[in-house]
Structure formats: structure tokens, C-alpha cells
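Engineer: Got a structure here, written out as C-alpha cells. Questions coming.
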Amino acid sequence: MSSSLEWLLISWGSLTVVLIVLLIYRSTLTMHEEEQLFLSDSEAHMAKDQMELIAKVNKVTPVVKILGSLSGAMLLVIAGLFVYQGLTAQ
């Protein structure tokens with residue numbers, strides 16, 4: 001295996017680990033999210049907590065999409081490089 005392929009695999013692995021950690025974080029945030037709240041004035045703090053939770057999820061979601069796309073693209077590049085090296089190493 002060539003050095004460039006090894007570095008690509010290491011980069012892809014670390015990028016994917018970060019992606020998985022962010023997916024777990026987003027999952028734990030949304031685990032306690034309510035789909036519908038019936039609030040009275042005495043429970044207004046719950047609405048504020050929900051809004052903060054939604055803001056955190058909305059911050060993480062674009063990063064997850066970007067990292068997922070990068071991970072998929074890197075996987076395709078690695079596969080292409082592996083096939084190319086296999087075809088040219090005769």
C-alpha cells in the first residue's frame with residue numbers, strides 16, 4: 001500500500017470518527033426533545049429550554065451534513081485510488 005493511500009485512510013478514519021461523535025451528540029440532544037408541548041405560564045421555562053435545544057441541533061446539523069459528504073467523497077477517492085493502483089501494479 002502506498003503512503004498516500006495510508007494517509008487518506010487515516011484522514012478518512014479520523015473524519016469519520018468526528019462525524020460519529022457529532023451524530024451521537026445530536027442524538028442525545030434530540031432524545032429528550034418533545035414534539036408538542038402544552039405550556040401554561042408557569043411552564044414557560046420549558047419552552048425556553050426547547051428553543052435552546054433546537055438552536056443547538058440546528059448548529060450541529062450543517063456540520064454533520066458537511067462531514068458526511070466529505071467522508072463519502074473521501075471513501076470514493078480511496079476506492080478509486082485502490083483500484084487504480086491495483087490495475088497499474090502489474
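The values are calculated or read from the model by the stated rules, or taken from the named source; none is laboratory data. It should be emphasised that the depicted structure is a prediction, and the values quoted were computed from it without experimental measurement. Cβ: placed from backbone, ideal geometry, glycine included. Neighbour counts: every protein chain shown.
Engineer: Sort through Leu22, Leu5, Leu37, Leu53 and tell me the only one that's on the phi < 0 side of the Ramachandran plot, at pLDDT below 70 and of a type in the set (A, V, I, L, M). Working first, answer last.
Structural biologist: Numbers: Leu22 fails: at pLDDT below 70; Leu5 fails: at pLDDT below 70; Leu53 fails: at pLDDT below 70.
Sole residue among the options that is on the phi < 0 side of the Ramachandran plot, at pLDDT below 70 and of a type in the set (A, V, I, L, M): Leu37.
Engineer: Pairs only if they're at least six apart or on different chains, beta carbon under 9 angstrom, first in the stretch 1-23 and over 23 Å from Val63 (Cα atoms), second in a helix (DSSP H, G or I) and of a type in the set (A, V, I, L, M, F, W, C); list them, first residue then second.
Structural biologist: Filtered contacts from the stretch 1-23: Met1/Leu9; Met1/Phe82; Ser2/Leu81; Ser4/Leu81; Leu5/Ile78; Leu5/Leu81; Leu5/Phe82.
Engineer: Select from the stretch 39-85 the residues that are of a type in the set (A, V, I, L, M, F, W, C) and farther than 30 Å from Gly13 by Cα and write down the one among them that is nearest to the chain's Cα centre (by Cα). Please lay out each step first, then the result.
Structural biologist: Of the residues in the stretch 39-85, the ones of a type in the set (A, V, I, L, M, F, W, C) are 39, 44, 46-47, 51, 53-55, 57, 60, 63-64, 66-67, 70, 73-79, 81-83.
Restricting the remaining residues to those that are farther than 30 Å from Gly13 by Cα gives 39, 44, 46-47, 51.
On the way: Leu39: 33, Ala44: 32, Met46: 28, Ala47: 27, Met51: 22 Å.
Of everything passing the filter in the stretch 39-85, Met51 is nearest to the chain's Cα centre (by Cα).
Engineer: Considering only residues that are closer than 22 Å to Thr88 by Cβ and among the polar types (S, T, N, Q), which ones fall in the stretch 2-19?
Structural biologist: Taking the stretch 2-19 and keeping what is closer than 22 Å to Thr88 by Cβ, we get 2-9, 12.
Scanning the stretch 2-19 gives Ser2, Ser3, Ser4.
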